[in-house]
Amino acid sequence: MSKNYDYQVQLGLLHNEIPAKVNQETGDVTIIHKKNKLPEGKRLSMQNYFAKVETRLLPYFNDVFNNNEISIIYKMIQMSEFETNALKPLNNDTTIKELSETFNIGKNQVKKYFDHLFKIGVYAQFKIYKDNKKEYWILNPNIAFKGKTGEESIYKLFEGTQIQKYLKSLD
């Protein structure tokens, strides 16, 4: 049964405030509890800890990359920052030794693997809008993305990559 209210109000509250209704005639205070908008039996996922992965790329990855390169991509997905896909602290100044240790690969293989990943469009180095002081590697958001919405400018950085071309060929 729906009530016909005289007023409907949207409030902004601080962390230590709660909404309540006061009856003018009686002075009774009724605390308003936030309604759960989720259907029964559903749970909201914690967006900060999940990456949305473009699963149509997985067969392509198996054709184009070796197992070590795929492992590097998965580690990059794990490292990527929420809403920017930044791979901090990685950038073009990161040493071969640091990459070898971070991705658990031999030092002699680092250059070959990362050159190939870069050529295909897995990552690139750009300034990100949250930290204009320094450039970092950014994981191609067409591969995976953490967050609800992505900046169009980040997607545009990877236009023309082999990964983007492959995805367009599937549409």
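Modelled spin labels at PHE50 and ASN68, positioned 7 Å past Cα toward Cβ, are 3.4 nm from each other.
Membrane-span-like helices in the chain (whole DSSP H runs, Cα extent of at least 15 Å along the helix axis, mean Kyte-Doolittle hydropathy of at least 0.0): 67-79. Could you point to the residue in SER100, LEU139, VAL9 farthest towards the positive end of the chain's charge dipole, with +1 and -1 charges on the Cβ of Lys/Arg and Asp/Glu respectively? Farthest along the dipole direction, towards plus: SER100. Sorting 148-154, 137-143, 118-124 by average packing, meaning the other beta carbons within 10 Å per residue, from highest down gives 137-143, 118-124, 148-154. Computed over the chain with a Gaussian network model linking Cα atoms closer than 10 Å, the most mobile of LEU90, LEU11, LEU38 is LEU11.
The Cα atoms of the stretch 47-170 cover 37, 37, 27 Å along the three principal axes, with the biggest extent listed first.
Only DSSP H runs of four or more residues enter the estimate; each adds -39500 (n - 2.57), and after division by the residues of the chain the mean residue ellipticity at 222 nm equals -9500 deg cm²/dmol.
Roughly how many debye, to the nearest 20, is the charge dipole of the chain about its Cα centre, given +1 on each Lys and Arg Cβ, -1 on each Asp and Glu Cβ, and no other charges?
Working: 25 positive and 20 negative charges, 60 e Å.
In total the dipole reaches around 300 debye.
When the chain is treated as a Gaussian network with alpha carbon springs shorter than 10 Å, the biggest mean-square fluctuation among ASN91, ASN67, ASN23 belongs to ASN23.
Bear in mind that the values in this text are calculations on the coordinates, not laboratory data. Being a predicted model, the structure only gives us computed values, none of them experimental. As a convention, Cβ positions derive from the backbone with ideal geometry for all residues, glycine included, and neighbour counts pool all protein chains shown.
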